[in-house]
Amino acid sequence: MFSYNDKVAVAVSGGKDSLSLLAILAKIEEVKPKSSIVAVTVDEGIKGYRDEALRIAKKSCEKLKIEHHVISYKELFGLTLDELVERKKRKANSKLTACAYCGVLRRRALNEAALRVGATKIATAHTLDDEVQTVLMNIFRGDLARLAKEKPVTDYVHPRLVQKVKPFCEIPERESALYAYINNIPFQATPCPYASEALRNDMRNMLNSMELKHPGTKFAVSNSIARLQPAIKKTLAKADFGECAQCGEPASSEICKVCEMTREFA
Ligand SMILES: [Zn+2]
């Protein structure tokens, strides 16, 4: 996942997983003189939620003596997630959930933050649980493109897209939480007020009950998809990566998803 001289942008939300990851990577980085770490936090603009997370993330970075960089939706896209949700309510024609918008915008914001700090890798704290939930959601939706794309280390597709790695992809969420508790790492425990992705919640519950009855289920799903991915990729037409006609950022269609979404709310 990493090279000895990487500059790693660690995506820190302020939750247990990202703060555990930051602490562990900081420890490893200490003995790698040519590498460095920067923490990046995306401020979506969610009142009463993100402000607390930002405070916790900032404190953690100070304690670990890691530079902390914050990037906001307001600055990048001209509106906060709160404002977007408010406008979405007035325009009833939108079927997408807040999470669907936020997912696309956050990906862009993280990449932009990584470019600004000159990072060569973005590390996110997706755990085994997150990864396996995503696999099943993509199967249920029949989304082969995503099924082929979501990997612990992303493929190189464009010079402006910083490679993403998921060091916790084989770590069960419970273990990452345990690490935070044992090491007395303060973290934000309240969930996002918009977290209403119904399908993901159902997947989480289903996987947890399967894991209880059949220990090893989560690892089995994770291993299955890793073995299937090359075959799925072969069945898909290769997506041509170019630049968005509107913003110039990497895109696989004429207008990128971010411009498509923000245009809706202009
Ligand atoms: Zn665009």
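Remarks
- Against the test of being away from the ligand (no atom under 16 Å from the Cβ) and either farther than 28 Å from D129 by Cα or in contact with a strand residue (DSSP E or B) (Cβ under 8 Å, 6 or more places away or on another chain) (or both), the options A226, A245, A237, A198 yield a single qualifying residue, A237.
- Scanning the range 73-93 turns up no residue that is of a type in the set (D, E), open to solvent by 50 Å² or more (accessible area, probe 1.4 Å) and not in a helix (DSSP H, G or I).
- Test: P215 is away from the ligand (no atom under 16 Å from the Cβ) and either modelled with pLDDT of 95 or more or β-branched (V, I, T) (or both): yes
- Residue within the range 233-256 that is in contact (Cβ under 8 Å) with a residue 60 or more places away in the chain, under 23 Å from the mean Cα position of the chain (by Cα), open to solvent by 80 Å² or more (accessible area, probe 1.4 Å) and farther than 22 Å from R106 by Cβ present: yes
- Of the criteria (1) modelled with pLDDT of 95 or more; (2) under 21 Å from R141 (Cβ atoms); (3) of a type outside the set (D, E), which one A231 fails: (1)
- Flag if D43 is more than 26 Å from P250 (Cβ to Cβ) and either open to solvent by less than 50 Å² (accessible area, probe 1.4 Å) or not β-branched (V, I, T) (or both): no
- Of the residues G48, G14, the single one that is within 16 Å of L110 (Cβ to Cβ) and assigned to a loop (DSSP other than H, G, I, E, B) is G14.
- Test: residue in the range 167-182 that is more than 23 Å from the chain's Cα centre (by Cα), more than 16 Å from the ligand (Cβ to nearest atom) and open to solvent by 60 Å² or more (accessible area, probe 1.4 Å): yes
- Matching residues, the range 1-17, being closer than 21 Å to E170 by Cβ and out of contact with any helix residue (DSSP H, G or I) (no Cβ under 8 Å at 6 or more places or on another chain): M1, F2, S3, D6
- Single residue of the range 248-265 satisfying the filter (hydrophobic (A, V, I, L, M, F, W, C) and within 13 Å of the ligand (Cβ to nearest atom)) that is modelled with the lowest pLDDT: M261
The values are calculated or read from the model by the stated rules, or taken from the named source; none is laboratory data. Every value quoted in this text rests on a predicted model; they were computed, and no experiment measured them. Note that we place each Cβ from the backbone using ideal geometry, even for glycine, and neighbour counts take in every protein chain shown. Accessible surface is based on the protein model in full, side chains and every heavy atom, while ligands, DNA and RNA are left aside. Shrake-Rupley method; radii C 1.70, N 1.55, O 1.52, S 1.80 Å.
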